Amino acid sequence: MLRDSQAAPASTSASRRAGLLPDVLRRALGSRWDFTVADGRITLEHAHRGSPYRPPRRTPSWLELLSRLAQGFAAQGVEQDAPLPLRWGRDTDLTISAVQALDPLLKDGRPLTYRSGFLSQPVVRFTSERAASGELLDGFLTSFVNVSRIQTIQRIDEYGMILDDWISVLSRLGFHARHISAHGRLAVWKRDQVEGVTLHFNHLDLPVGDIVLLWNGANPDRMAVDLGSGLERLAWARTRTSWRDLVFGEFALSAPLQTLDAIRTACLLVGHGIHPAARGAGGATRRLIGAVDRDSVRLGVSSLVRASYCYWSLFGSLTVPWPAVAATIEDELARR
């Protein structure tokens, strides 16, 4: 369903927005933050940075972490919206980012969005960073939950306010502002109909997300903010434990990482009714199952599928029961 957006005229032209961001952020964050602006780049660091980080003693469940995020956003007046469908079909076969909720506004210039507010959006990307061996690097998965705040704005000042709100939300997860920093280029990028400026934020030395000011190039008054992170990466930054153990739990050493990642993602796709096929979204499912090491799953995939299914069910109902998901994956493996 599309949502109406009351987009008012912007306070300045698109070409000057990037140059205004340092002042916008200073007003929003205040004297607790140090700003460095040089050579077209900006860096934000807390005035009391440098203190050691001690992870909380207890690791919350995924449901607890999700609930704290929802409560933190709600305290800022940001309500949770339903995830986008996993099958997309516009520029990509699958949903690869919650920012696709802004397609009508940013790509078509219409005062509409598909979603607005806080989204915990399952996504699938085949662009994750890998080692020379082809194995996924720590912090990367083919499928993950894109935690996002998607919001149309009327004034550039709102960009700074949304970043300040995010720091408050992070405090509910056990992070402290003094361990957060942000950096980016003060230059406008352009991709087809969309223009924007991006700041990346870190927890200590670990990248955990970004906040993007966006607008439609032909109609710059159509502005929005996309603040995004990964739920799994936030949990990793908070706990500083083994990435593989965090994501795969008791299955972490039961199979090669590529196999664990492929089954986890195939579970998400098949659970949403995206079955193996020769092309399109189903082609992604077939490609993933093709990456499974058959020697590692001779006793079947049902246990890992069931665990993955429980995880993905936290973010919306799946349409295919988990036993049928496992059977589909095993049938595809047998077909190879």
Keeping all protein chains in place, calculate the accessible area per residue for the chain (probe 1.4 angstrom), answer in Å².
-> 45
Extension length gain for residue 191 and residue 41 (0.36 nm per residue less Cα distance), in nm, is 52.0 nm
Chain lengthening between residue 287 and residue 299 when straightened (0.36 nm per residue, less Cα-Cα) = 2.2 nm
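Show me the three semi-axes of the equivalent ellipsoid for region 239-284, from the C-alpha gyration tensor (sqrt of 5 times each eigenvalue), largest first, rounded to whole Å. Don't skip to the end; give the middle numbers.
Details: eigenvalues 138, 22, 14 Å².
So the three semi-axes of region 239-284 are 26, 10, 8 Å.
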For residue 176, residues with placed amide H under 5 Å, excluding near neighbours = none
Taking only Cα atoms of region 98-157, radius of gyration then Dmax in Å | 15.4, 47
Within the chain, what's the longest run with no chymotrypsin sites (Phe, Trp or Tyr not before Pro) in a DSSP loop and at most 14 other beta-carbon atoms within 10 Å? Give the range, please.
-> 127-336
What spacing in nm lies between the two simple spin-label points modelled at residue 245 and residue 176, each 7 Å away from Cα in the Cβ direction?
-> 2.4
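Calculate the all-directions average of the projected area of the chain's alpha-carbon convex hull, and give it in nm². Don't skip to the answer; put the middle values down first.
Details: hull surface 70.3 nm².
Taking a quarter of the hull surface, the average projection is 17.6 nm².
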Semi-axis lengths, Å, region 26-149, gyration tensor of Cα atoms, sqrt of 5 times eigenvalues = 28, 23, 20
For region 183-298: relative contact order, % (alpha-carbon pairs under 8 angstrom, 6 or more apart) = 14
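What Kirkwood hydrodynamic radius, in Å, does region 268-330 give when the mean of 1/r is taken over all pairs of distinct Cα atoms and then inverted? The partial results should precede the final answer.
Details: mean 1/r = 0.0836 Å⁻¹.
Result for region 268-330 stands at 12.0 Å.
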Report the paramagnetic label zone for residue 204: residues of region 241-284 whose backbone N is under 19 Å from a point 7 Å from Cα along the Cα-to-Cβ axis.
-> 241-247
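Only helical DSSP H runs with n ≥ 4 go in: add -39500 (n - 2.57) per run for the chain, normalise by residue count and round the 222 nm mean residue ellipticity to 500 deg cm²/dmol.
On the way: 10 runs with 115 residues, N = 336.
Using -39500 (n - 2.57) per qualifying helix, the result is -10500 deg cm²/dmol.
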Normalise the Cα radius of gyration of region 215-270 by 2.2 N^0.38 Å (N = residues in it) and let me know the number.
-> 1.74
Taking Cα atoms, the helix 62-75 axis meets the longest principal axis of the chain at an angle in degrees (rounded to 10) of 20
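Roughly speaking, what is the stretch gain from residue 34 to residue 131, that is 0.36 nm per residue apart minus the C-alpha to C-alpha distance, in nm to one decimal? Could you put the intermediate results ahead of the total?
Details: separation 97, 0.36 × 97 = 34.92 nm, distance 3.52 nm.
Separation in residues times 0.36 nm, less the Cα-Cα distance, equals 31.4 nm.
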Which value in Å does the Kirkwood hydrodynamic radius of region 180-336 take, with 1/r averaged over all unlike C-alpha pairs and then inverted?
-> 18.1
Sequence-separation-based contact order of the chain, relative, with Cα cut under 8 Å and 6+ spacing, percent = 18
Sorted largest first, the C-alpha extents of region 151-216 along its principal axes in whole angstrom are 38, 25, 15
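How high is the relative contact order of region 126-267, in percent, with contacts defined as C-alpha pairs under 8 Å that are six or more residues apart?
Numbers: 191 pairs, mean separation 37.1, N = 142.
The normalised contact order for region 126-267 reaches 26 percent.
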Cα radius of gyration and Dmax for region 88-213 (Å) = 15.7, 47
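The values are calculated or read from the model by the stated rules, or taken from the named source; none is laboratory data. Just so it is clear, the structure is predicted and the values come from calculations on it, not from any experiment. With ideal geometry, Cβ positions are generated from the backbone for all residues, glycine too; neighbour counts draw on all protein chains shown. The accessibility values were calculated without ligands, DNA or RNA, using every heavy atom of the protein model including side chains. Shrake-Rupley method; radii C 1.70, N 1.55, O 1.52, S 1.80 Å.
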